[in-house]
Amino acid sequence: MTAARRWAWPVAAACLVLGLVVALVVIAESRARVDLTDERDARLFATRAVPPVVQALREQRDAAAVAGGPGSRDAAVGAADGPSAGVAELARDTGAPVLDDRDGGVVVVASYDPPGPTTVAARRDTIVGYRLTPVDLSEALDDVTSDDGAIALFGPTSRVTATDGFDEIVSESDEVLLDVPLDESIAAGWRIQVVSPEGGIPAGAWFGAVVAVLVGLVGGVVASRRWARATQVREASERRARSDATLAELSSVAQSSLDLAEVLPASFAVMESALSLEGMTLLSSSSRPTFVWRDAPSEHDEARTLRAPVPSGSCVDVPLARTGRSLGVLRVRPGRDLDGIDVRTLTAAAETLSSSIANAEAYAHQRNLITRMRALDDLKTVFVATASHELRTPVAAIIGYASMLNESWDELDSDTGRLYAQRVDNNAHRLAALVEHLLDFSRLEQHGADSSEKVVLDLGAEVQEVLDFNSDLTPDHQLLAGIEPGVRVEGSKLAIERVLVNLVGNAAKYSPAGSTIRVRVEGGAEAHLIVDDEGPGVPEEEREQIFSRFFRGKGDAVVRTRGAGLGLAIVTEFAASMGGAVSIDSAPTGGTRFEVTYPLTARGVPDESA
């Protein structure tokens, strides 16, 4: 930039400011002289106008105290058309006439019965009403009417009267106004307001001011154009610098965290401040909003492509992409017009935001993968430990009793041999049940609860069939079944069989020998499979965890039994495969009730071959 350009603006500004200063001095001095003259004239007018009005007001007040006057009327104590409350109390307590500014001004005189009380207490006891005499100042005001100004009489709360022209002068922006308070002995809180029109500034003063401004303006016109061009260049440079600072701040925010819950609010706050954005919405690749900010545009708003200039209040879509993969759209609503520099900043900010989203998604994927691997590893550890312990016990018992039978067969009596054989059989059944649970667990891990095609089944018929073919489920208990026919569900026989076998087996394990286990199938809004036992029940604090894998309670009945803690977890998975849910409650018989609810189906007829 040349020296002439550098000094162009200071010279232009100096010339213009000098011209304005000279003009203001000329106007101010002329205005001051006019104000002094106006104030002097207003005071002279007040000196002539105020005394006649005050004298007329005093005379009418004193006359009203003696005999009233034209238009006088009486008002009862507390009447709505009587004097105002404060004036009424003052007139009552003093016995003297008091001016009231209501109804255009009245003189209030208290009436007593009997008349002439001498104390405040006596006046309050004998007050019977008030005489109100209107105040008429028309003659006094006519005498002071003049082109030099106007006056108005004000009471404590409102204006009483005024001379002609008062409102016209007051409505003008230029007037001289004086307030003259009345003496307390005449009317407390009353005042006379005097106004007079303000004189104008002489034409010579205006001419001198205009000449001074023109001289300063002519001296700065040429330099101002050069200054404007230089200013544009400087502002563009500064805005590019601010844009670079904004992008650097966004980059810092993106690098500070891989959690979008932290990155997005901080990034949106930076963009809002830098570009004056009213609101922003982050849309996923499926056009669903995933994050909104301030007065955010919705996914249904009509949006335009990002191209300068962008008008204020419109919706603009900025694509978000990374390595050729669409990550969504940043939809913004600017609070001001955006030019080319703003569009460049917004585009670069979208690129930084795309990187943040892509990095956060990759981090979340890795974190979820690690979490799942850890959970799987923990599950395998628990599974191996539980399975090893639960398998070792029945296998050791079978080997032990089988060895005793084999080594001492000739020496054992029939009762002892039968006892050993029965224990081998019991542990073999226990081992078979455990293996079945482990197979169910493996099936759930690999293929889900049931990968077979669902068919329509009669729930009652399927339950009865499972009970008939598994009569050895409850050898030491009485099993009662209440089956409602025609309750149709959609699922598989395997899922129903695994749910029922586990629930009945669980009831038999934890309820005392000889007790009753009840199985019911009921219809209604849903299909219900209910198993009640007469065992000790499940404590309230364990009911939320009882369906978790490998969970076993802490009661005496649990300690006395063996198990891997998989049965009820298997029930939950197989019930869910048919859209069902399992709940636990106390049975009416005092034990535990497990209830499985399935959605009813009206499709087709039960499949007998499923």
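Extension gain residue 363-residue 233, at 0.36 nm per residue separation less the Cα-Cα distance, in nm?
42.4 nm
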Can you order the peptides 235-241, 575-581, 336-342 by their average number of other Cβ atoms within 10 Å per residue, highest first?
575-581, 336-342, 235-241
For segment 45-50, 3J(HN,Hα) per residue [Karplus equation, 6.51 cos²θ - 1.76 cosθ + 1.60, θ = phi - 60°, Hz, x = Gly/Pro]
5, 5, 5, 7, 8, 5
Amide H contacts under 5 Å for residue 291, placed H, 5+ residues apart
282
How big is segment 199-312 on each of its three principal axes, counting only the C-alpha atoms and giving the largest first in Å?
74, 33, 28
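Restricting to DSSP loop positions (anything but H, G, I, E, B) with no more than 11 other Cβ atoms inside 10 Å of their own Cβ, which trypsin sites (Lys or Arg not before Pro) remain in segment 348-377?
Nothing satisfies the criteria.
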Take peptides 454-462, 491-499 and line them up by average Cβ neighbours within 10 Å, highest first, as a rough protection proxy.
491-499, 454-462
Can you order the peptides 244-254, 88-98 by their average number of other Cβ atoms within 10 Å per residue, highest first?
88-98, 244-254
Amide H contacts under 5 Å for residue 160, restricted to residues at least 5 apart in sequence or on another chain and with H modeled in the peptide plane, are 153, 154, 155
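If you take the beta carbon distance between residue 125 and residue 164 as r and set R0 to 35 Å, what does 1/(1 + (r/R0)^6) give as a FRET efficiency, to the nearest 0.05? Kindly include the intermediate steps, with their values, before the conclusion.
Details: r = 47 Å, r/R0 = 1.34.
The pair residue 125/residue 164 has a calculated efficiency of 0.15.
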Sort segment 236-295 into rounded, prolate or oblate with this rule: let a ≥ b ≥ c be the square roots of the eigenvalues of the Cα gyration tensor; rounded if a/c is under 1.5, and if a/c is not under 1.5, prolate when a/b is larger than b/c, oblate otherwise.
oblate
Tell me, what ³J(HN,Hα) does each residue in segment 324-340 have, in order and in whole Hz, if you take phi through Karplus 6.51 cos²θ - 1.76 cosθ + 1.60 with θ = phi - 60° and put x for Gly and Pro?
x, 10, 6, 9, x, 9, 9, 9, 10, 10, x, x, 8, 5, 9, 9, x
Here the FRET efficiency for residue 36 versus residue 84, based on Cβ atoms and R0 = 45 Å and rounded to 0.05, is 0.65
Search the structure for amide H atoms under 5 Å from the amide H of residue 600, placed 1.01 Å from N in the peptide plane, and list their residues when 5 or more places away or on another chain.
527
Note the full-extension length gain between residue 409 and residue 373 as 0.36 nm times their separation in residues minus their Cα-Cα distance, in nm to one decimal.
7.7 nm
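Computed from the coordinates by the stated procedures, all read-outs in this text should not be read as laboratory data. None of the values given here were measured: they were computed from a predicted structure. Cβ coordinates were reconstructed from backbone atoms using ideal geometry, including for glycine residues, and neighbour counts include every protein chain displayed.
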